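Enquirer: So that we are looking at the same thing, I have put the structure below in structure tokens.
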Amino acid sequence: MSTLIPILYIVAFSLFIYGLMGLTGPKTAVRGNLIAAVGMTIAVVATLLQVKHNWLLIVVGLVVGAALGIPSARQVKMTAMPQMVALFNGVGGGAVALIAWSEFRTEDHFTGTATYVVVASLFAAIIGSISFWGSLVAFGKLQEILPGRPMGLGRAQQVVNLLLLLGAIACAVVAGLGGASELWIIGLLVLAAVLGLMVVFPIGGADMPVVISLLNALTGLSAAAAGLALNNTAMIVAGMIVGASGSILTNLMAKAMNRSIPAIVAGGFGGGGVAPSADGVERTVKSTSAADAAIQMAYANQVVVVPGYGMAVAQAQHAVKDMAKLLEAKGVEVKYAIHPVAGRMPGHMNVLLAEADVPYDSLKEMDDINDEFARTDVTLVIGANDVTNPAARTDSSSPIYGMPVLNVDDSRSVIVLKRSMNSGFAGIDNPLFYADHTAMLFGDAKKSVMEVAEELKAL
């Protein structure tokens with residue numbers, strides 16, 4: 001048995017890595033997910049083989065977890081996937097924090113415990129608690145239980161956060177040096193929990209995709225630390241994979257928004273509500289009809305579709321694919337422009353379009369498509385707001401100034417599908433909507449696209 005368990009762990013984390021490689025593309029993502037799930041099953045079995053007591057509690061935990069997780073994962077809509085990811089990620093961080101607390105109790109308050117176990121456990125407790133409570137706030141903002149706008153203490157925010165962090169570290173030092181009272185570890189968890197809340201509350205909705213990725217990375221790091229304390233190889237490797245991949249993704253997304261991670265954590269921009277135009281001047285927009293939109297696109301050489309959260313809400317991806325097929329049958333080249341932070345989580349638009357069997361080669365990342373807009377006859381923007389805002393390039397007073405955006409305003413003609421003139425998640429106005437070559441097609445995105453498709457069939 002002593003030889004079998006390490007072998008099982010090696011097989012498990014090998015499958016983790018192989019499965020992660022499959023997640024690099026939509027065609028192999030399902031298979032990669034299944035491979036990683038098999039690896040996790042093997043890791044769980046290997047861990048259970050070491051258990052000599054508390055089998056009843058373990059079985060109850062597995063049953064409760066499966067009863068909550070499976071129905072939630074199967075029933076969640078794609079529009080709610082970002083908040084589901086945030087919630088599931090937070091649960092992982094919370095589990096790690098509880099494991100660290102348990103280690104404190106079972107190791108006789110760390111008396112005589114190896115230093116690396118003490119440090120790893122306390123690190124896992126702080127980071128896991130921050131991740132859990134921060135993820136709950138992210139979930140609340142994405143689910144619109146909490147306001148999407150920044151909610152903070154102004155200039156005092158960073159001072160309060162620093163004091164909370166120092167307080168948590170102080171509790172960790174006392175507990176690690178053999179503080180006999182369990183109040184020290186409880187104080188650590190409470191202070192870290194409040195810090196997690198205080199870090200995410202001031203971050204606006206527009207920065208939520210980056211926050212989800214950052215919290216995911218923190219959960220991975222805390223899991224790796226807990227694995228080190230428990231001497232669990234699979235947990236160490238899995239945590240390191242999640243922590244490393246989450247950190248890389250967070251950095252890439254922050255660069256895509258031309259923002260630093262410290263600036264985001266210090267308090268991001270925007271979050272919900274309707275914002276007036278920057279100069280307070282009331283502007284008018286031009287409305288169009290499905291028939292006019294169909295005519296414009298039918299006689300175009302190239303049409304670029306820019307998907308956003310509005311497409312996800314309306315579940316319009318299949319209708320968009322059907323419309324694109326009709327255009328392609330008329331000799332129109334159709335491409336899809338994907339901004340790195342379009343939607344509410346990394347890769348949100350890619351997943352939606354892959355679900356509708358849109359060819360992956362047709363999905364163009366921002367850097368690859370931006371030069372194409374000047375040669376594009378019609379750009380169809382479906383519920384994307386902040387990622388198409390030209391103020392990011394031209395208005396130094398804009399909160400998103402400097403953030404790379406899709407250059408849709410370079411197109412010869414722009415058609416924007418929106419329900420209303422409400423601003424996007426950053427809560428700022430978009431000058432694109434008032435441009436001379438822009439027309440608004442108001443209504444539910446799915447219904448509007450289907451109406452355009454019907455008009456195309458008649459041409």
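The values are calculated or read from the model by the stated rules, or taken from the named source; none is laboratory data. None of the values given here were measured: they were computed from a predicted structure. Cβ atoms come from the backbone with ideal geometry, glycine included; neighbour counts cover every protein chain shown.
Enquirer: List the pairs whose first member sits in region 382-397 and is modelled with pLDDT of 90 or more, whose second member is of a type in the set (D, E, K, R) and in a strand (DSSP E or B), and whose Cβ atoms are under 9 Å apart, counting only residues at least 6 apart or on separate chains?
Expert: I382/K418
Enquirer: Please tell me if A73 is of a type outside the set (D, E, K, R) and loosely packed, with under 12 Cβ neighbours inside 10 Å.
Expert: yes
Enquirer: Let me ask something else about it. Can you work out which of the residues in region 369-390 that are out of contact with any strand residue (DSSP E or B) (no Cβ under 9 Å at 6 or more places or on another chain) and among the acidic types (D, E) is farthest from Q302 (Cα to Cα)?
Expert: Taking the candidates together, the pick is D386.
Enquirer: Here's something else I'd like to know. Can you tell me which of I35, I70 is outside the structural domain of L191 (by TED's automatic domain parsing), out of contact with any strand residue (DSSP E or B) (no Cβ under 6 Å at 6 or more places or on another chain) and over 29 Å from E365 (Cα atoms)?
Expert: Just a single option satisfies the conditions, and that option is I70.
Enquirer: Can you name the condition, by its number, that F110 falls short on among (1) surrounded by 12 or more Cβ atoms within 10 Å (Cβ to Cβ); (2) part of a helix (DSSP H, G or I)?
Expert: It fails just one condition, (2).
Enquirer: Has region 221-231 got at least one residue that is in a helix (DSSP H, G or I), of a type outside the set (G, A, S) and either in the same structural domain as P346 (by TED's automatic domain parsing) or within 24 Å of the chain's Cα centre (by Cα) (or both)?
Expert: Among the residues of region 221-231, at least one is in a helix (DSSP H, G or I), of a type outside the set (G, A, S) and either in the same structural domain as P346 (by TED's automatic domain parsing) or within 24 Å of the chain's Cα centre (by Cα) (or both), which makes the answer yes.
Enquirer: If you don't mind, another one. Please pick out the residue among A342, A354, A384, A374 that is out of contact with any Cys (no Cβ under 8 Å at 6 or more places or on another chain), assigned to a helix (DSSP H, G or I) and crowded, with 17+ Cβ neighbours inside 10 Å.
Expert: Answer to the check: A354.
Enquirer: Just for region 1-44: of the residues that are in contact with a Phe, Trp or Tyr (Cβ under 9 Å, 6 or more places away or on another chain) and without any contact (Cβ under 8 Å) to a residue 24 or more places away in the chain, which one is surrounded by the fewest Cβ atoms within 10 Å (Cβ to Cβ)?
Expert: G32
Enquirer: If you go through region 113-161, how many residues are part of a loop (DSSP other than H, G, I, E, B) and either farther than 30 Å from M81 by Cα or hydrophobic (A, V, I, L, M, F, W, C) (or both)?
Expert: The total comes to 6.
Enquirer: Could I ask something else about it? Pairs only if they're at least six apart or on different chains, beta carbon under 8 angstrom, first in region 158-185 and assigned by TED's automatic domain parsing to the domain that holds S129, second of a type in the set (K, R) and surrounded by fewer than 13 Cβ atoms within 10 Å (Cβ to Cβ); list them, first residue then second.
Expert: Final answer for the pair search is E182/R105.
Enquirer: Could you list, in sequence order, the residues of region 201-219 that are buried (at least 24 other Cβ atoms within 10 Å of the Cβ) and farther than 13 Å from S135 by Cβ?
Expert: Result: G204, G205, A206, D207, P209, V210.
Enquirer: Collect the residues in region 169-196 that are within 25 Å of M208 (Cα to Cα) and of a type in the set (A, V, I, L, M), keeping them in residue-number order.
Expert: L189, V190, L191, A192, A193, V194, L195
Enquirer: Return the residues of region 22-43 that are modelled with pLDDT of 85 or more and within 20 Å of A223 (Cβ to Cβ); say none if nothing qualifies.
Expert: The answer is G32, N33, I35, A36, A37, V38, G39, M40, T41, I42, A43.
Enquirer: Same structure again: Does A12 qualify as being more than 18 Å from the chain's Cα centre (by Cα), among the small types (G, A, S) and either on the phi < 0 side of the Ramachandran plot or modelled with pLDDT of 85 or more (or both)?
Expert: It is true that A12 is more than 18 Å from the chain's Cα centre (by Cα), among the small types (G, A, S) and either on the phi < 0 side of the Ramachandran plot or modelled with pLDDT of 85 or more (or both).
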